[in-house]
Structures are given as C-alpha cells and as structure tokens.
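K.L.:
Quick one: this structure, given as structure tokens, is what I'll be asking you about.
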Amino acid sequence: MVKVRQDAEFAGLVSGEIGSGKVLSPKHGSLLSSYRLNLRHGQKVVHDMIVADINASLDLGASMHAADLSVVLRAFISEYPASARPTDCE
C-alpha cells in the first residue's frame, strides 16, 4: 500500500498537506468531484471504488496516478469520515 510520505513525493505535496482537505490541486479536486458523483450509492461504496482504482493503478505500474488517487482517498475520508475502513489508518 502506498504510504503518506510516498503520496507526498509523487503528488508534490508535503506530508502535512495530505488529508487536510485544505490543499487539493485542481487535478485532485477534479478527481474527487468525479467520485462524489457516485455518492448516491453510499460513502463506503465510493471509498471502495477509490481503493479499487488505486490497486488497479498499482497493478498497471501507474504509481503516480495511484499516488494522486491516494491523496483523493485521504481527502474523501477527511470529508466523509464514516466511509473510513480500519485499514485506512495503516
């Protein structure tokens, strides 16, 4: 699993900016908005969609995209804490 420090390196953020919900690049904001369109299915479903997309990106070797999605996941969890899973805290 991609860790916070790796997210920061790939996404060009310092680790304190990740998950704060205050600093999202336009790219990350756009990605987050596209996932929010699926909220009618529930927060946990959207959470799982982001995680599945992270895993698919990693499987394809697209580590920078996976890091971007990790930033999006942290912002999503910050905005919708009920969606968090116990493994998100690792």
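The values are calculated or read from the model by the stated rules, or taken from the named source; none is laboratory data. Only a predicted model underlies this, so the values are computations on that prediction, with no experimental measurement involved. Cβ sites come from the backbone with ideal geometry, for glycine too, and all protein chains shown count toward neighbours.
K.L.:
Every residue in the stretch 55-70 that is farther than 17 Å from Ser25 by Cβ and not polar (S, T, N, Q), please.
P.N.:
Answer for the stretch 55-70, where residues must be farther than 17 Å from Ser25 by Cβ and not polar (S, T, N, Q): Ala56, Leu58, Asp59, Leu60, Gly61, Ala62.
K.L.:
Condition first: more than 13 Å from the chain's Cα centre (by Cα), modelled with pLDDT under 90, in a helix (DSSP H, G or I) and surrounded by fewer than 17 Cβ atoms within 10 Å (Cβ to Cβ). Can you find one or more residues in the stretch 1-8 that meet it? Full working, then the answer.
P.N.:
Filtering the stretch 1-8 down to residues more than 13 Å from the chain's Cα centre (by Cα) leaves 5.
Restricting the remaining residues to those that are modelled with pLDDT under 90 gives 5.
From the residues that got through so far, the ones that are in a helix (DSSP H, G or I) too are 5.
Among the residues that remain, those that are also surrounded by fewer than 17 Cβ atoms within 10 Å (Cβ to Cβ) are: 5.
Yes: the stretch 1-8 contains one or more residues that are more than 13 Å from the chain's Cα centre (by Cα), modelled with pLDDT under 90, in a helix (DSSP H, G or I) and surrounded by fewer than 17 Cβ atoms within 10 Å (Cβ to Cβ).
One line per residue, one yes/no per condition, for (1) free of Cβ contacts under 8 Å to residues at least 24 places away in the same chain; (2) in a helix (DSSP H, G or I):
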{"position": "Gly29", "(1), (2)": "yes, yes"}
{"position": "Tyr35", "(1), (2)": "no, yes"}
{"position": "Ala52", "(1), (2)": "yes, yes"}
{"position": "Leu58", "(1), (2)": "no, yes"}
{"position": "Gly61", "(1), (2)": "yes, no"}
{"position": "Met64", "(1), (2)": "no, yes"}
{"position": "Ser70", "(1), (2)": "no, yes"}
{"position": "Arg74", "(1), (2)": "no, yes"}
{"position": "Ile77", "(1), (2)": "no, yes"}
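K.L.:
Out of Ser33, Ser70, I need the residue that is polar (S, T, N, Q), surrounded by 17 or more Cβ atoms within 10 Å (Cβ to Cβ) and under 19 Å from Val23 (Cβ atoms). Which one?
P.N.:
Within the list Ser33, Ser70, the selection yields Ser70.
K.L.:
Scan (1) over 20 Å from Val23 (Cβ atoms); (2) modelled with pLDDT of 90 or more; (3) part of a helix (DSSP H, G or I) for the single condition Thr87 breaks and write down its number.
P.N.:
(2)
K.L.:
Answer yes if at least one residue in the stretch 14-22 is over 15 Å from Ala84 (Cβ atoms) and modelled with pLDDT of 90 or more, and no otherwise.
P.N.:
no
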